[in-house]
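Questions regarding the structure given below will be posed in turn.
The values are calculated or read from the model by the stated rules, or taken from the named source; none is laboratory data. Owing to the predicted nature of the structure, the values given are computational and were not obtained by experimental measurement. Glycine also receives a Cβ, built like all others from the backbone with ideal geometry; neighbour counts cover every protein chain displayed.
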Amino acid sequence: MVDLILYQITQTNPALIPTNATLVDSVRQANVSAEYKQDILELVLREAGPKSVLSIGQGISNVGHDPIWHAAVRSASPNVVFDKWHRFEAYGHSRNRLRIKHTHSKRASFQRYSVGGGKPTTPENLLICGLIIALLEVNGCSGLRCDMPLEGGSTYCVYQDGRFTIPKDISLLNSTTWAIEWQMFSARTNIEKPQAELPDIPMPRTCKSTMRKSVESVARFLVSDVSRQWKVAELAREAGQSTRSLQRQLSEAKLSFSQLVRLVRIHHACHLLESSSAPITGIGYCTGFSDSAHFSRDFRASMGMTPSDYRALF
């Protein structure tokens, strides 16, 4: 998150970058204090204004190949975007979180809240609002409009037609809640193919070649978005099959749905551990594991060593 903030400020307001601020070293500095991020956001709000904070999320496609953001911009629907966001907050044990209600196919409401005391600050709220807008747009939502409530019960449109606007008196704006509507959703078709190849999928020698190809075809959908919390019915639908047909197919290949998902996740985790300097916790998140302990446990069971030990080999 800090890298995204610093990258976008560098592009739009380079004079605001503190002299001691550098991009986060993901190997040596996987965690950055909340106070550090808050100080930077307060500076941007004070010196460049609230629109600059809202606009930070617009740099998400250009910040560089970070596995977490890479996973975030590869979502098949708004619901998948929201599911990934919730898991991102839980995985990082975020103190300030976002409550999302997808009440309509083209509308969702959002509310910021804190766990364990305190409350989210205005610049943090604006940052998250702008980031959610950017995530929805980059994943295929068009015609977005975002409204925030004002004191007195009315609302103010903070985003429409690709532009952010803010009332003259920002103190009248309730930045803890907002609603986003979009006119249309069209899943991206220009997503690049995953860098990691398919894992070797163990199947009985008696399996026909057509069966092997069919299972591998299904696995490609998992590889296309490893961070997604796949359900068997969703995978079947993506593959153009019925749930029963997919389950029968996997059964004939002596595989369960959970085994196939775990196999793809571990394979992709190995690829990232070998080829990137991303934090191990981030790799666990973007390969679909529910938390770091789950990632470490499953990785050790599959590979016979911890993710840290595996990375050390390379």
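Return the only residue of Ala179, Ala219 being touching a helix residue (DSSP H, G or I) at 6+ places or on another chain (Cβ under 8 Å) and small (Gly, Ala, Ser). Spell out how you get there, then give the answer.
On the way: Ala179 fails: touching a helix residue (DSSP H, G or I) at 6+ places or on another chain (Cβ under 8 Å).
Result of the check over Ala179, Ala219: Ala219.
Quick test of your reading of the structure: Ile191 fulfils all but one of (1) surrounded by fewer than 18 Cβ atoms within 10 Å (Cβ to Cβ); (2) modelled with pLDDT under 90; (3) assigned by TED's automatic domain parsing to the domain that holds Glu35. Name the failing condition by number.
Every condition holds for Ile191 apart from (3).
What is the one condition in (1) outside the structural domain of Ile68 (by TED's automatic domain parsing); (2) closer than 29 Å to His86 by Cβ; (3) in a loop (DSSP other than H, G, I, E, B); (4) more than 22 Å from the chain's Cα centre (by Cα) that Ile166 does not satisfy?
So the condition that Ile166 fails would be (1).
Out of all the residues in segment 207-216, is one or more buried (at least 17 other Cβ atoms within 10 Å of the Cβ), modelled with pLDDT of 90 or more and within 22 Å of the chain's Cα centre (by Cα)?
No; the residues of segment 207-216 include none that is buried (at least 17 other Cβ atoms within 10 Å of the Cβ), modelled with pLDDT of 90 or more and within 22 Å of the chain's Cα centre (by Cα).
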